[in-house]
1. How many residues, within the range 64-102, are crowded, with 18+ Cβ neighbours inside 10 Å and either over 16 Å from Leu246 (Cα atoms) or touching a Lys or Arg at 6+ places or on another chain (Cβ under 8 Å) (or both)?
2. Looking for whichever is of a type in the set (Val, Ile, Thr) and touching a residue at least 24 places away in the same chain (Cβ under 8 Å) here; the options are Val137, Val90. Which one fits?
3. Which fully enclosed helices (runs of 4 or more DSSP H) of the range 141-253 have 2 or more residues being in contact with a Pro (Cβ under 8 Å, 6 or more places away or on another chain)?
4. Taking Glu147, is it more than 27 Å from Arg262 (Cβ to Cβ), in contact (Cβ under 8 Å) with a residue 60 or more places away in the chain and not β-branched (Val, Ile, Thr)?
5. So, Ser254, is that one closer than 21 Å to Ala54 by Cα, modelled with pLDDT of 95 or more and crowded, with 23+ Cβ neighbours inside 10 Å or not?
6. For the range 122-130, check the following and say yes or no: at least one residue is at pLDDT 95 or above and in a loop (DSSP other than H, G, I, E, B).
7. Failed condition for Thr143, given (1) surrounded by fewer than 21 Cβ atoms within 10 Å (Cβ to Cβ); (2) within 20 Å of Glu221 (Cβ to Cβ); (3) at pLDDT 95 or above, with all others met?
8. For the range 118-127, give me each residue that is surrounded by fewer than 18 Cβ atoms within 10 Å (Cβ to Cβ), under 20 Å from Arg282 (Cα atoms) and touching a helix residue (DSSP H, G or I) at 6+ places or on another chain (Cβ under 7 Å).
Amino acid sequence: MSDSRTRMQRTKGYDPEPFDVPPLFRSPPQPGPMLSWLITRFLWPQSLLWIGIAWLTWRFATPDLDRFASLSIDDVGVLWARNALLMALVIGGQHWWLHIRRAQGTDFKYERRWLAKGRTSFLFNNQTRDNVFWSVVSGGLVTATFEAVLFRLYAAESIPELSAGWAIALMTLAVFWLDSAHFYAVHRLLHIDPLYKWFHALHHRNVNTGPWSGISMHPVEHLLYFSFPFVFLVIPGSPFLITFSLVYLILAPSPSHSGFDRYRVGSTDIAGGDYFHNLHHRYFEVNYGTILLPLDHWFGTFHDGSVEAHEQMKSRRRQGTEAVD
């Protein structure tokens, strides 16, 4: 174990190597390595997977736009059922493989303990059932409602719409950066009291996370987190981009909260969890955003998994305590 590594403070588990911001944001910037990083680290395989799943969902599991010209509760119900099925397959599949079958045991698991049972802080005294409830019932309903409302606006030609395929493709990639900025702003807001105590604390009960923890949130947090697609009220988008944005927001948190840094499939290990965000669940006051857009690095809340970054975090905490005193 290198001296620059930070050990788990609660339970020993797998600690990846410390990481850095993407090459473009280093000093000096590295445009060439940034392109390689985007293709081999960011887009492949997960981001392209979300785009592919969203396209299949849009093409084969989403009603025609004409249906939403006159919005009804049935339209929301259809989208909710579709989203619930999507969660069951993608999020539930990861949970089954990692936490029920335990196909790779605790290999690459950030914490060796498993998800909580018999704990009264969770609904039904069970972490997984609690997480499924908030994800499917609250998260599924909010996403379905938002998608139906925005489809209604597109059907009425009330908001700007892209028509060229190349423009939609470019905007699909831009969603990752736009959402990173939106997520950081919303997340920082939710860490301010009393909003944290009222709403965000429900999500942070999941210190030892699983795939269903990703969007296990208070309904008010769901309203804020899933509000990103409303950016297309002011910039040109398309109905597909609405579906893609929401599919991405629903599914992408599942591997990042899976509790496993890598997934072992046969003799191959593939990228799984998100150590950057896992550190946020451990320490709460670091890594509010995403690694793609290093706002934490710019605003002084970046934790790269090293002892040095850990000491800086503790120093900020001490200064905050002294300021309160």
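1. Count: 8.
2. Values: Val137 fails: touching a residue at least 24 places away in the same chain (Cβ under 8 Å).
On inspection, the qualifying residue turns out to be Val90.
3. Numbers: elements: 165-190, 201-204, 219-225, 239-251.
Ranges flagged: 165-190, 239-251.
4. Working: more than 27 Å from Arg262 (Cβ to Cβ): yes; in contact (Cβ under 8 Å) with a residue 60 or more places away in the chain: yes; not β-branched (Val, Ile, Thr): yes.
Yes.
5. On the way: closer than 21 Å to Ala54 by Cα: yes; modelled with pLDDT of 95 or more: yes; crowded, with 23+ Cβ neighbours inside 10 Å: yes.
It is true that Ser254 is closer than 21 Å to Ala54 by Cα, modelled with pLDDT of 95 or more and crowded, with 23+ Cβ neighbours inside 10 Å.
6. Checked against the condition, which is being at pLDDT 95 or above and in a loop (DSSP other than H, G, I, E, B), the range 122-130 yields at least one hit.
7. The number of the failed condition is (1).
8. Hit for the range 118-127 is Arg119, nothing else.
The values are calculated or read from the model by the stated rules, or taken from the named source; none is laboratory data. These numbers come from a predicted model, not from an experiment. Ideal geometry is used to build each Cβ from the backbone, glycine not excepted, and the neighbour counts take in all protein chains shown.
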